[in-house]
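Please treat every number below as a calculation from the coordinates, not as lab data. Owing to the predicted nature of the structure, the values given are computational and were not obtained by experimental measurement. Cβ placement follows ideal geometry from the backbone for every residue including glycine, while neighbour counts extend to all protein chains displayed.
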Amino acid sequence: MKKVSILILCLLFLCGCQEQDKPAKLRSKTVFAMDTVMELSIYGDEDILTGSENIITDAEGRLSVTRPDSEIYRLNKEGHGEVSESTFALLKRSLELCELTDGALDISIHPVIKAWGFTTDEQRVPNADELNALLETVDYGKIELRDGNAVLLGEQMQIDLGSVAKGWLGDAILDYFRSNSVESALVNLGGNVQVLGAKPDGSPWQIAVTDPSGEGYAGVVEITDKAVITSGGYERYFNQDGVRYHHIIDPSTGYPADSGLLSVTIIGESGVTCDALSTALFVMGLDKAADFWKRNDDFEVIFITDSEVCITEGLASVFSPLGKYENTEVVILQRD
Ligand code: ADP
Ligand code: MG
């Protein structure tokens, strides 16, 4: 159901660009976790690649909202509890991002996500009364973090780290590669691409961004040491009575965000931040999201609508449109 949404063009033509005295060997591994096909590629030893599987298993085991043995599941069931150091740190950062985005990101959205059936295979359209009642429980401001990694949720509240978990995991995998002296790596966690360093020949990685309006790709961006993280309504959805309902919910309405954007790609240093912002800026829509970008300077954005691609000024020299967007002018947002 979940499409692998980004192509790693660069891997196709890497052979032949290696230093002669120290040939870097590309090794890749595919893992299925968090309902996502994950592709890990490094220039380094096989055992480092194998070791990264433990990080994935651990993250899924802690953060899954559907596995009865996860920390988040237990928290949602009991309303309070102690969590591990890393889950606590992720909750803390997520709450900062909920605040920063003025609630466009709200990790307490889970009861609404559940009502739509996005965590199961039985999707449905809840009625407005049901959604309004559930929205009463949605308010990240009522999540309390206390000493000793203790978390207290508000009445009936349930949290869902689906918007940030893969970004966190990408950061953790790249940290692990870095600490094992890997200098060049790429992880593709289904729509979330994060790279360590440049390609072994020193040139940037070329990451293709999916065309959210059809098949193929909307553009390519060249990056080094960055995350390229996309949220789009095309990633997970169902159709009912001719209407498409997708999985990114506007916490102010309880309905799938209908902001006119088809996808938002965030490019920056931190996977968690980029993941959170891709979801939040998708909810905000182009105008509010552009204002948000103007007030915050640690990331760049590719906004895609049905008819155009809008990029922030920092991408002007590293983004090239593809497919149907090749013949339309790319709009460049300036900070003024
Ligand atoms: P994906 O996981 O498909 O890459 P996102 O990073 O945008 O996409 O995260 C979407 C997931 O986040 C949803 O499946 C849901 O679990 C959760 N979610 C949906 N809307 C919101 C929101 N407004 N705030 C926080 N989490 C959300
Ligand atoms: Mg996200």
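Collect residues whose amide H, placed 1.01 Å from N in the peptide plane, falls under 5 Å from the amide H of Val209; neighbours closer than 5 in sequence don't count.
Ala218, Gly219, Val220, Val221
Normalised by the number of residues in the chain, what is the relative contact order in percent for Cα pairs under 8 Å and 6+ residues apart? Before the final figure, lay out each step's value.
Values: 659 pairs, mean separation 57.1, N = 336.
Relative CO of the chain lands at 17 percent.
Can you work out the base-10 log of I(q)/I(0) for segment 222-308 at q = 0.15, 0.16, 0.22, 0.25 1/Å, using the Debye formula on its C-alpha atoms alone?
Evaluating at q = 0.15, 0.16, 0.22, 0.25 Å⁻¹ gives log10 I(q)/I(0) of -0.54, -0.61, -1.06, -1.28.
Work out the length of the dipole vector of segment 15-150 about its Cα centre, built from +1 on the beta-carbon of each Lys and Arg and -1 on the beta-carbon of each Asp and Glu, and round it to the nearest 20 debye. Intermediate values should be presented prior to the final figure.
Details: 14 positive and 27 negative charges, 33 e Å.
Here the size comes out at about 160 debye.
Exceeding 27 Å between C-alpha atoms, which entries from my cross-link table qualify? They are Lys29/Lys199; Lys114/Lys142; Lys92/Lys226; Lys142/Lys226; Lys166/Lys288.
On the way: Lys29/Lys199 18 Å; Lys114/Lys142 19 Å; Lys92/Lys226 22 Å; Lys142/Lys226 33 Å; Lys166/Lys288 25 Å.
Among Lys29/Lys199; Lys114/Lys142; Lys92/Lys226; Lys142/Lys226; Lys166/Lys288, the Cα-Cα distance tops 27 Å for Lys142/Lys226.
Around Leu333, what is the net charge, scoring Lys/Arg as +1 and Asp/Glu as -1 over all other residues with Cβ under 15 Å from its Cβ?
On the way: positive: Lys288, Lys294, Arg295, Arg335; negative: Asp287, Asp291, Asp297, Glu300, Glu308, Glu313, Glu329, Asp336.
Taking every Cβ under 15 Å from that of Leu333, the sum is -4.
Placing +1 at every Lys and Arg Cβ and -1 at every Asp and Glu Cβ, with all other atoms neutral, what dipole size does segment 36-333 have around its Cα centre, in debye to the nearest 20?
On the way: 20 positive and 50 negative charges, 49 e Å.
Result for segment 36-333 is approximately 240 debye, rounded to the nearest 20.
Within a Cβ distance under 14 Å of Pro68, other residues only, what is the Lys/Arg minus Asp/Glu net charge?
Working: positive: Arg62, Arg67, Arg74, Lys77; negative: Glu60, Asp69, Glu71, Glu78.
Local charge sum for Pro68: 0.
When the convex hull of the C-alpha atoms of the chain is computed, what volume per residue in Å³ does it have?
Numbers: hull volume 45.2 nm³, N = 336.
That works out to 134 Å³ per residue.
Pull up all non-local amide H partners of Gly191: gap of 5 or more, or a different chain, and H-to-H distance under 5 Å with H placed in the peptide plane.
Ser5, Ile6
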